[in-house]
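Below: one structure, written as structure tokens.
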Amino acid sequence: MRLAVFGGTGRVGRRVVEYARAAGHEVVTLVREPGGLADAPGLAAIPGDVLSADDVARVLDGADAVISALGSPSVDRPGTILSGGMRNITGVMRRLGIRRVLAVAGSGVLDAPEGGLRHDRADFPATFRAISEEHAGTWAALRTSRLDWTLACCPTLVAGVRTGQYLEAADVMPPGGRDEIAHEDVADFLLREMTAHQYPMRRVGITY
């Protein structure tokens, strides 16, 4: 499979690239700066900007599926790279006839037990409100895209190891889970779900 990866130099994205290549996939990834990732067998790194539709199209050309692990420059000033980038990605995908896309967001865009979203709750940390709104923009771009999407929604991301063992639930945070998950297991989930297709057009809360 030819897999297009966005955010391939980030904490989750690097693992996606690593695990995808180990599984025998051909990977093409967009990098902000030349040298961010070096070309290697099974890997092509294309310099560009996800906010440029032309750059996105160069990465998506010939792709069978797409994974976005885009990150933001900061939590309190996230800009529009996540929402704008996803609008570009989904727009070019529709034009090229590519259907399957997976992305990463924070757990604030999951449903709260009492209704509404988790980031609407009074006790949601103010520090993360701006980035969670930007994650909501990613979700909006996906759910209006008419594509086959899945959005992995994560609590605190930590360094760890790939276990392949985690809790998951559609649209909510799994009850009784911890407030963390390793980058490695987020990447594991994305690659597994890419073909398992258990959560089409759904947000998925994942944690330990």
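The values are calculated or read from the model by the stated rules, or taken from the named source; none is laboratory data. The structure presented is a predicted model; accordingly, all values stated were derived computationally and were not measured. With ideal geometry, Cβ positions are generated from the backbone for all residues, glycine too; neighbour counts draw on all protein chains shown. With ligands, DNA and RNA removed, areas are computed over all heavy atoms of the protein, side chains included. Shrake-Rupley method; radii C 1.70, N 1.55, O 1.52, S 1.80 Å.
Would you pick out the residues in the range 141-180 that are under 30 Å from residue 96 (Cα atoms), more than 14 Å from the chain's Cα centre (by Cα) and open to solvent by less than 20 Å² (accessible area, probe 1.4 Å)?
145, 147
If we only count strands (runs of 3 or more DSSP E) wholly inside the range 1-107, which ones have 2 or more residues that are crowded, with 24+ Cβ neighbours inside 10 Å, aromatic (Phe, Trp, Tyr) and under 13 Å from the mean Cα position of the chain (by Cα)?
none
Looking at the range 152-181, which of its residues are of a type in the set (Val, Ile, Thr) and either within 22 Å of residue 128 (Cα to Cα) or part of a strand (DSSP E or B) (or both)?
156, 158, 172, 181
Taking the stated definitions as given, is residue 184 part of a strand (DSSP E or B) and either at pLDDT 95 or above or basic (Lys, Arg) (or both)?
Numbers: part of a strand (DSSP E or B): no; either at pLDDT 95 or above or basic (Lys, Arg) (or both): yes.
No, not satisfied.
Would you mention how many residues in the range 122-143 are more than 20 Å from residue 77 (Cβ to Cβ) and either of a type in the set (Asp, Glu) or without any contact (Cβ under 8 Å) to a residue 40 or more places away in the chain (or both)?
2
For residue 138, state whether it is open to solvent by less than 50 Å² (accessible area, probe 1.4 Å) and in contact with a Phe, Trp or Tyr (Cβ under 7 Å, 6 or more places away or on another chain).
no
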